[in-house]
Amino acid sequence: MKITFNGQTIESTEHTLQAFIDATDAKEPYAVALNGQFVPRSQCQSTHLAEGDSIELLSPIQGG
Amino acid sequence: MRDDKPLNIYGQRFESRLLIGSALYPSPQVMQEAIRASQSQIVTVSLRRQNSVSAGDDFWQLIKDTGLTVLPNTAGCHSVKEAVTLAQMCREVFATDWIKLELIGDEYNLQPDPVALLEATQILLSEGFKVLPYCTDDLVLCQRLAALGCEVLMPWGAPIGTGKGLLNPYNLSMIRQRLPDMTLIVDAGLGLPSHACQALEMGYDAVLLNSAIAGAGCPVKMAKAFNHAVQAGRAAYVAQAMPEKDVAAPSTPTMGMPFWHQSN
């Protein structure tokens, strides 16, 4: 299914958010949002993905 | 003389009255040195996509090495939903309830959206966040934010990154007078240490700045200068300035003046 990950549309066969993240080379620390909603790390395993979902994986950066 | 109390942010006390940003420095090393030189105890950070140029663990490790308290922001958000989601993500990554709530209403001058800011503040406070809203210097807006439960407000001095200083001292002074118990921090628009000093002199509890230090010819020296400026400004506020007068008054005694009126 098609998933938009950090703005890039990609094909994925993963069915849960955690499996999807594990399949990327995501490095700690990070937080995740699915379709604009924050998903706590503790819920990524039980969060299922659907065609067209949009995932954002964010990490610390400089800020003012 | 006024009482001098440490800076109070949601019950946490700080000696330094300078909050510093972590962006725009010429190098990570200069950032670290400037932060140290500023003697700040609070540093602002943000979140971006991990595949962006500098997001990740290396930067975060540098910040952790400073040992400072972290204040995450929602910079770049244009809607309540974006800001709330980013705040929730910040809370998980940075393990803090603090959030510098930044919600932009105009892309040209990066002016905060007062209406959306109130809505997002209400949501985040109800979720247990300790919200530090970046707002305009509008008294009524500040009163509304205070009524929602904010214990800290951060009105702008001028638009972000302009370095113009306090564009409307009257408004800022009025907010100080009308909200005497609120922790008030001037955030954004400062360019010179004298701007920071002016904010502290008028009773603001602290200033938050980034570009003025990071964009200086020597950020480390400028960080020191801002540190001195906030200390001077606070000391002047505590000491209480003399009343301003419209006419001259001699400072040297006139009694015993040896040549007084002798030519008449």
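What trypsin sites (Lys or Arg not before Pro) in segment B:1-104 are in a loop by DSSP, with at most 10 other Cβ atoms within 10 Å of the Cβ? Before the final figure, lay out each step's value.
On the way: sites: B:R2, B:R13, B:R17, B:R36, B:R48, B:R49, B:K64, B:K81, B:R91, B:K100; in loops: B:R2, B:R17.
Within segment B:1-104, the qualifying trypsin sites (Lys or Arg not before Pro) (loop, at most 10 other Cβ atoms within 10 Å) are B:R2.
Mind checking which of B:Y134, B:Y204, B:Y108 has the largest fluctuation in a GNM of chain B, springs on alpha carbons under 10 Å?
Per the Cα network of chain B with a 10 Å cutoff, B:Y108 tops the list.
What is the ratio of the Cα radius of gyration of segment B:41-109 to 2.2 N^0.38 Å, where N is its residue count, to two decimals?
On the way: Rg = 12.5 Å, N = 69, 2.2 N^0.38 = 11.0 Å.
For segment B:41-109, the normalised Cα radius of gyration is 1.14.
When all C-alpha to C-alpha distances in the protein assembly as shown are sorted into bins of 10 Å, what percent of pairs does each bin hold, rounded to whole numbers?
It works out to 6, 25, 30, 20, 10, 5, 2, 1, 1, 0, 0, in whole percents.
May I have the extent of the alpha carbons of segment B:1-81 along their three principal axes, as whole Å values ordered from largest to smallest?
Each principal axis gives a Cα extent; for segment B:1-81 these are 53, 35, 18 Å.
Assuming a viscosity of 1.002 mPa s and a temperature of 20 °C, what translational diffusion coefficient in µm² per second does Stokes-Einstein assign to segment B:189-249, Rh being the Kirkwood radius over Cα pairs?
Roughly 174 µm²/s, to the nearest whole number.
Quick check: convex hull of the Cα atoms in segment B:151-264, volume per residue, rounded to a whole Å³? Numbers along the way, then the final one.
Numbers: hull volume 19.8 nm³, N = 114.
Output value, Cα hull per residue: 174 Å³.
When the Cα centres of segment B:84-135 and segment B:146-201 are compared, how far apart do they sit, in Å?
18
What does the C-alpha gyration tensor say about the overall shape of chain B? Classify as rounded when a/c is under 1.5, otherwise prolate if a/b is larger than b/c, or oblate.
Taking the square roots of the gyration eigenvalues as a ≥ b ≥ c, chain B is prolate.
Which aspartates and glutamates, if any, have their Cα less than 16 Å from the Cα of B:K224, not counting same-chain residues under 8 positions apart?
Of all the aspartates and glutamates, those that pass the test against B:K224 - Cα under 16 Å, at least 8 places apart if same chain - are B:E15, B:E33.
Could you tally the net charge around B:Y134, taking each other residue with its Cβ under 9 Å from the Cβ of B:Y134, Lys/Arg +1 and Asp/Glu -1? The partial results should precede the final answer.
On the way: positive: B:K100; negative: B:E102, B:D187.
Here the count lands on -1.
First obtain the Kirkwood hydrodynamic radius of segment B:157-211 from its Cα pairs, then insert it into the Stokes-Einstein equation at 20 °C and 1.002 mPa s, and state the resulting D in µm² per second as a whole number.
Value of D from the Cα-based Kirkwood radius: 197 µm²/s.
What lysines does A:K2 reach when the alpha-carbon gap must be under 25 Å and sequence neighbours fewer than 8 apart in one chain are set aside?
A:K27, B:K81
B:C77's amide H: which non-local residues (gap 5+, or another chain) put their own amide H closer than 5 Å, with H modeled 1.01 Å from N in plane and none for Pro or chain starts?
Excluding prolines and chain starts, which carry no amide H, the hits are B:I104.
Taken together, the values in this text are just the output of simple stated rules run on the coordinates, not laboratory data. No experiment lies behind these values; they were computed from the predicted model shown. A quick note on method: Cβ atoms are made from the backbone with ideal geometry, for glycine too, and the neighbour counts reach across all protein chains shown.
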